[in-house]
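Accompanying notes for the structure given below.
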Amino acid sequence: MDDLPRLALSVRQPSAWAIIAGHKPIENRSLGSIRAGRMGPGRIALHAALGLKEDEFRYLHWRLGEHGVQCPHPLDLPRGCIIGSVEVTGVITESDSEWFGGQAGLTLKDPVPCAPIPCAGALGYFEWARGGTLAPPTKWMKNWGTPGAGAASDLFPEAPIAFERPPKKPWG
């Protein structure tokens, strides 16, 4: 996809996947980060951030499931790369959407995925350039969904990950 916008926004997985897959129409940010990052309407490339902590993934996996969305395994979520583009239609400070939570958010539409393009990320909107390699998986990612790591059991390997209670929100 050679017609990707030059400006990008870095978003942690699995939120980046959910945006590109069309499941998440709002990306929550603080008003300060929106102002500092000069974020506003227009088409942007979407960068899947390098970082992904297990507690963040566990919470977002659960949250997406609450919206009826089957989250991919962490090994299937590329990191450290552009994964597509999306249209930012505006900045909101209130919404009835179940995807809105926090101080402010960017409203999104028309996601278009692309094959992962390795590149470095940055805060706010940034001009991206090809380079680098995809982030390698960590030990917890390799073990996600195996017995002892939150899976139901060895008897039902295809069963979705289940939570006895909602995971603790890892931020805010």
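What the table below lists for this structure:
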{"read-out": "Checking residue 71 against (1) assigned to a loop (DSSP other than H, G, I, E, B); (2) over 22 Å from residue 121 (Cβ atoms); (3) in contact with a Gly (Cβ under 9 Å, 6 or more places away or on another chain), the condition it does not meet", "value": "(2)"}
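For (1) open to solvent by 70 Å² or more (accessible area, probe 1.4 Å); (2) of a type in the set (Phe, Trp, Tyr); (3) within 18 Å of residue 9 (Cβ to Cβ), each residue gets a yes or a no:
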site: 29; (1), (2), (3): no, no, yes
site: 64; (1), (2), (3): no, no, no
site: 97; (1), (2), (3): no, no, no
site: 100; (1), (2), (3): no, yes, yes
site: 108; (1), (2), (3): no, no, yes
site: 111; (1), (2), (3): no, no, yes
site: 129; (1), (2), (3): no, no, yes
site: 140; (1), (2), (3): no, yes, no
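The values are calculated or read from the model by the stated rules, or taken from the named source; none is laboratory data. Worth saying up front: this structure is predicted, and the values here are computed from it rather than measured. Glycine also receives a Cβ, built like all others from the backbone with ideal geometry; neighbour counts cover every protein chain displayed. Quick note on the areas: whole protein, heavy atoms, side chains included, nothing else; ligands and nucleic acids left out. Shrake-Rupley method; radii C 1.70, N 1.55, O 1.52, S 1.80 Å.
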